[in-house]
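The values are calculated or read from the model by the stated rules, or taken from the named source; none is laboratory data. Because the structure is a prediction, the values reported are computed rather than measured. Please note: Cβ atoms are built from the backbone with ideal geometry, for glycine as well, and neighbour counts cover all protein chains shown. Please note that ligands, DNA and RNA were not included when accessible areas were found on the heavy atoms of the full protein model with its side chains. Shrake-Rupley method; radii C 1.70, N 1.55, O 1.52, S 1.80 Å.
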Amino acid sequence: MARDKAKDDVPFNCSQEHEKQYVASLYADKRVIYNFLTTSCANNTIKHATHKQVYEFIKKQLAYEIPN
């Protein structure tokens, strides 16, 4: 699945399950990403982040490339 670049500047909504599932679906290791997003939401690390910032955070913390 390709990344919807129109969402890059849209805030990531931790309270919506489909947001975590969508981002996780962009990566080969879906479960790792999903769990990482769940933890990051729970500890407010990505509370006010845009989708693009979430991708960059995943790259920084887990070394996964930003999806195209």
* Asked: Can you name every residue in region 1-28 that is among the hydroxyl-bearing types (Ser, Thr, Tyr) and crowded, with 16+ Cβ neighbours inside 10 Å?
  -> Tyr22, Tyr27
* Would region 29-48 turn up any residue that is open to solvent by less than 90 Å² (accessible area, probe 1.4 Å), in contact with a Phe, Trp or Tyr (Cβ under 7 Å, 6 or more places away or on another chain), at pLDDT 95 or above and not in a helix (DSSP H, G or I)? -> yes
* Structure fact -> Within region 1-27, the count of residues that are within 12 Å of Ile66 (Cα to Cα) and touching a residue at least 24 places away in the same chain (Cβ under 8 Å) comes to 6
* Structure fact -> Taking region 6-23 and keeping only residues that are acidic (Asp, Glu) and not in a helix (DSSP H, G or I), one is left with Asp8, Asp9
* Tabulated pairs, region 49-66, first within 14 Å of Lys7 (Cα to Cα), second assigned to a helix (DSSP H, G or I), C-beta under 7 angstrom, 6+ apart or interchain -> Ala49/Phe57; His51/Lys7; Val54/Val23; Ile66/Tyr55; Ile66/Glu56; Ile66/Lys59
* To do: Name every residue in region 49-68 that is part of a helix (DSSP H, G or I) and surrounded by fewer than 15 Cβ atoms within 10 Å (Cβ to Cβ), in order of residue number.
  => Glu56, Lys59, Lys60, Gln61, Leu62
